[in-house]
Amino acid sequence: MSVDLFEIKIPASEAQLGMHVIRLDRPWEETDFMLQGFVVKDQDEINALREQCQFIYVEGKSYKQYGQVADRKPAQAPGRAATATRTPQFVYINKIDVSEEIGKARESYKIAKSMATSILSGIRIGKTLDINKTKEVVDDIVDSLLRNDDALMWLSKIRNQDEYTAEHCLNVCILSAAFAKRLGLPEDEIRLIGLCGMLHDVGKMKVPLEVLNKPTSLTPDEFELMRRHAEFGRDILMSQPGMLNKAVDVAYNHHERLDGNGYPRKLKANQIPYYAKLVAIVDTYDAITSNRSYSRGRASMEALDIIYRFRGTQFDDELAKEFIKMIGIYPPGSIVELHTGEVGIVVMQNPKSKLKPKIVVVLDAQKRKLEQKILLDLLKEPKDSTGKIYTINREIPDGSFGVKLQKHLEGGLILNYPTLDEHKS
Ligand SMILES: [Fe+2]
């Protein structure tokens, strides 16, 4: 084995652009880095490594290449499976604040959800899909995302088990379009990817309801039937007047996996269309975090961990890493248990520290509903009654201890609660 493949322990002060950092001297969850294996891309990352670590472990080859020379262009992560990377063409910024957008976003979400429900029930009875109306609804969603994507990202965390398929289609629409925005794709592609997300699972409407909603495990035949939803989706969409090829592509290919172990055609990495690779990641994330007839949704971090583990084998490496960065450790709408046992809802991430979001505390340490909710900005290091700085213990799924995101959003969960200091005074 070449020495180049070994990792080398170096002081964090020697970190340079282009180095491939394999691991840190502390758990990566405790740092500001979203991923434990990454190529140093800019000076901010160098500064963060120097601030947060004493030592780092870098790949031997990249150390030899970049160890002595600063200001080089970043290297490609070596040894990775084929990736569908596309150069960002645009940098989008949120034009308005989330508190301004949330009202409009709720309206668009409501309309889009009823649209998704009616598309799906229409297909079940053989009705023609109104593609123009569907585009209009998706455009409305994308308009909201372009103004401020946090608002719809919150709403996409609402979970109603009974309306899984419609909610899932809408969430995949929202997250796929938000992801395309994050990737810097042109606006027309963001709209098209949103549409592909909305229609990716229409084939499930050809699967009998008793199989689709079965609360126990499927028989091999039922499982096979379920997997056929990809082909059904292709057939349904191809038969619709004015349908777009990309939407057909995504419906047919969103369960294909890079290593050829997907379905229906066992395509390999470079045979899978880019949009299908993108939607596959979003679809997996939403499915894992959703409540199903047979299981409760898992925490966002668990889903990201799975996507991270299967990057390069099932999911496109670069897309998986970008998606993880977009969602973040504690995305808005996450429900978290604090070190005190109190439970809160994340209302905003702090760009400076992924572990220190703003949280509205809704349950006390005994899990009793708080009459007066409190806003904690963890970046300001608020302290509990014993003088200990507040930290997050763990993320818990929606509905845990009776905390339902939807109820709180309907109640107008915005940032207008008193902070801990204001509450005490
Ligand atoms: Fe699917």
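The number of residues in the range 119-138 being of a type outside the set (A, V, I, L, M) and crowded, with 16+ Cβ neighbours inside 10 Å comes to 3. Among the residues of the range 361-381, the ones that are of a type in the set (D, E) and more than 20 Å from Y330 (Cβ to Cβ) come to 2 in all. The number of residues in the range 377-425 that are open to solvent by 60 Å² or more (accessible area, probe 1.4 Å), at pLDDT 85 or above and in a loop (DSSP other than H, G, I, E, B) comes to 6.
Picking from residues in the range 243-258 that are within 13 Å of the ligand (Cβ to nearest atom) and under 18 Å from K206 (Cβ atoms), the one that is surrounded by the fewest Cβ atoms within 10 Å (Cβ to Cβ) is H255.
With a requirement of 2 or more residues that are in contact with a Pro (Cβ under 6 Å, 6 or more places away or on another chain), within 16 Å of the ligand (Cβ to nearest atom) and modelled with pLDDT of 95 or more, the helices (runs of 4 or more DSSP H) lying completely within the range 180-240 that satisfy it span 229-238. Taking residues in the range 87-112 that are in a helix (DSSP H, G or I), and partners anywhere that are open to solvent by 50 Å² or more (accessible area, probe 1.4 Å), the pairs with Cβ atoms closer than 6 Å and at least 6 places apart or on different chains are V98/D150; E101/R147; S108/D140. In summary, T289 fulfils each of the numbered conditions (1) within 26 Å of E210 (Cβ to Cβ); (2) within 13 Å of the ligand (Cβ to nearest atom); (3) out of contact with any Phe, Trp or Tyr (no Cβ under 8 Å at 6 or more places or on another chain); (4) not basic (K, R) with the single exception of condition (2). Among residues that are of a type in the set (D, E) and within 12 Å of the ligand (Cβ to nearest atom), D305 is not included. Within the range 277-298, being at pLDDT below 90 and open to solvent by less than 10 Å² (accessible area, probe 1.4 Å) holds for S290, G297. Taking the criterion of being loosely packed, with under 15 Cβ neighbours inside 10 Å and closer than 19 Å to I307 by Cβ, the residues of the range 260-271 that qualify are G260, N261. The one condition from (1) open to solvent by less than 40 Å² (accessible area, probe 1.4 Å); (2) in contact (Cβ under 8 Å) with a residue 24 or more places away in the chain; (3) in the same structural domain as K404 (by TED's automatic domain parsing) that F315 does not meet is (3).
The values are calculated or read from the model by the stated rules, or taken from the named source; none is laboratory data. Please read these numbers as outputs of a predicted model, since none were measured by experiment. No Cβ is skipped: glycine too gets one built from the backbone with ideal geometry, and neighbour counts run over all protein chains shown. Accessible surface is based on the protein model in full, side chains and every heavy atom, while ligands, DNA and RNA are left aside. Shrake-Rupley method; radii C 1.70, N 1.55, O 1.52, S 1.80 Å.
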